[in-house]
Structure formats: C-alpha cells, structure tokens
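For reference, the structure is listed below as structure tokens.
The values are calculated or read from the model by the stated rules, or taken from the named source; none is laboratory data. None of these values were measured; they are calculated from a predicted model. When we count neighbours, we look across all protein chains shown, and the Cβ atoms used for this are built from the backbone with ideal geometry, even at glycine. Areas reflect the complete protein model, heavy atoms only, side chains present, ligands, DNA and RNA absent. Shrake-Rupley method; radii C 1.70, N 1.55, O 1.52, S 1.80 Å.
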Amino acid sequence: MSTSVQEQRLRRRFELWDQNGDGVIDSSDWESETQRILASFQQTEGSPKGQALTTAYRGMWSYVAEQAGVGRDGSVSIDQFKDVAAKQMLDRGQAGFDQVLRPTVSAIADLCDTDGDGQVSPSEFRSWIRAIGSDESTADAAFQQIDTDGDGQLSVDELIDAVHRYHTGELEFSLL
Ligand SMILES: [Ca+2]
Ligand SMILES: [Ca+2]
Ligand SMILES: [Ca+2]
C-alpha cells in the first residue's frame with residue numbers, strides 16, 4: 001500500500017490525538033481523549049471500565065513518548081510521531097505496539113459490550129462508532145469488513161487486526 005495513504009492516516013491520527021490543536025501531542029491530549037470516550041459511554045474514570053480505559057490510554061502514551069525519546073511529561077511533534085509509527089507500530093511483526101494497543105482496544109470493546117459476552121455485536125459496535133465521532137451510517141459496512149471470521153461478532157483480535165489494516169491502507173475504517 002502506498003506510503004502516502006499511510007502518511008495521510010498517521011497525520012489524521014495525530015490530529016485526532018492532538019485534542020487541543022497546538023501541533024504537539026502530550027499527556028493532556030490523551031487525558032482529554034480518554035474523557036471524551038468515557039463521556040460518550042456515560043462512564044466515569046472511577047468505574048472499573050473507566051479505569052481500564054484510562055490505564056490503557058496512559059500506557060499507549062507512555063509507549064509513544066518513550067519511543068519518541070521525550071518521556072511521558074514531554075510532547076511529541078508530527079515528525080517524531082511518524083518516526084515512531086514507521087519504526088514500531090505498522091510492522092505486524094513488531095509485538096511492541098500490540099502490547100499497548102491490546103489493552104486499549106480491549107477497554108473500548110468492554111465499554112461497548114453491554115451484554116457482557118466478551119464480543120462486540122453489530123448494535124454494540126454502533127456505540128464504538130459514536131464514541132470515536134465517526135459517521136454511524138458506516139457502522140454496518142465497517143462491521144462486515146472487521147468480522148473476518150464472519151460469525152456476526154467482533155472479537156478483540158479482529159478489532160486489533162482492523163487497526164493494523166487501517167494503517168496499512170487495507171481497511172477504510174478507523175477504530176481509534
Ligand atoms: Ca496538543
Ligand atoms: Ca457483546
Ligand atoms: Ca467475528
């Protein structure tokens with residue numbers, strides 16, 4: 001897949017995480033993103049699912065900051081972010097980013113999973129689409145493409161794979 005698609009998507013990812021729009025991402029942007037997602041699920045930071053999401057997002061930030069060499073109180077520019085992504089995130093052979101991606105995807109899946117069966121159903125998936133501020137009309141098409149085993153439910157593995165596929169340009173839907 002062309003590097004321009006990857007680059008475009010990384011830039012979009014960066015802009016979404018740069019919640020206050022100052023051109024760098026730092027821990028305050030990640031706190032805002034966490035709050036925004038929790039609010040859309042009407043959960044508080046103190047609830048078990050809220051704590052899981054907060055911990056997962058902090059873990060992702062620590063990882064990105066460490067890889068960029070700035071530390072968790074520092075800030076990351078778009079160039080540093082692209083550099084980290086190129087080196088660490090996009091290569092499926094790298095277990096590093098999966099280690100921090102999994103708790104995040106798993107925490108959002110838990111927020112969606114209102115019937116508690118450990119999977120995300122089509123109707124539960126709509127709340128994910130809403131939480132990330134995407135167009136709900138894309139939910140059904142996205143669901144079918146993410147549900148690679150075709151069992152009508154999304155597993156955490158399928159969701160993680162979808163995040164990879166988005167960033168390599170194989171999938172049109174962004175989940176984070
Ligand atoms: Ca910022
Ligand atoms: Ca479920
Ligand atoms: Ca499935």
(request) Would you list the helices (runs of 4 or more DSSP H) that sit entirely within region 106-176 and hold 2 or more residues that are within 22 Å of Ala56 (Cα to Cα) and within 11 Å of ligand 2 (Cβ to nearest atom)? (result) 122-131
(request) List every residue pair whose Cβ atoms sit under 7 Å apart, with the two residues 6 or more apart in sequence or on different chains, where the first one lies in region 13-26 and is of a type outside the set (Gly, Ala, Ser) and the second, anywhere, is open to solvent by 70 Å² or more (accessible area, probe 1.4 Å). (result) none
(request) Please specify each residue of region 87-105 satisfying the condition of being at pLDDT below 90 and under 16 Å from Trp30 (Cα atoms). (result) Val100, Leu101
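Residue-by-condition table, conditions (1) over 16 Å from the mean Cα position of the chain (by Cα); (2) of a type in the set (A, V, I, L, M):
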site: Thr114; (1), (2): yes, no
site: Gly133; (1), (2): no, no
site: Ala141; (1), (2): yes, yes
site: Gly150; (1), (2): yes, no
site: Val156; (1), (2): no, yes
site: Tyr166; (1), (2): no, no
site: Glu172; (1), (2): no, no
(request) Taking Val84 as meeting all but one of (1) in contact with a Leu (Cβ under 9 Å, 6 or more places away or on another chain); (2) open to solvent by less than 20 Å² (accessible area, probe 1.4 Å); (3) under 27 Å from Asp26 (Cα atoms), write down the number of the exception. (result) (1)
(request) List the number of the failed condition for Gly96; all other conditions in (1) under 17 Å from the mean Cα position of the chain (by Cα); (2) open to solvent by 50 Å² or more (accessible area, probe 1.4 Å); (3) farther than 19 Å from Gln43 by Cα hold. (result) (2)
(request) Just name the residue that is surrounded by the fewest Cβ atoms within 10 Å (Cβ to Cβ) out of those in region 124-150 that are of a type in the set (S, T, N, Q) and within 15 Å of ligand 3 (Cβ to nearest atom). (result) Gln144
(message) Checking the condition within 16 Å of ligand 1 (Cβ to nearest atom) and acidic (Asp, Glu), which residue from Glu66, Glu31 passes?
(response) Glu31
(request) Say whether the condition of being touching a residue at least 12 places away in the same chain (Cβ under 8 Å), farther than 30 Å from Gly152 by Cα and in contact with a helix residue (DSSP H, G or I) (Cβ under 7 Å, 6 or more places away or on another chain) is met by at least one residue in region 94-110. (result) no
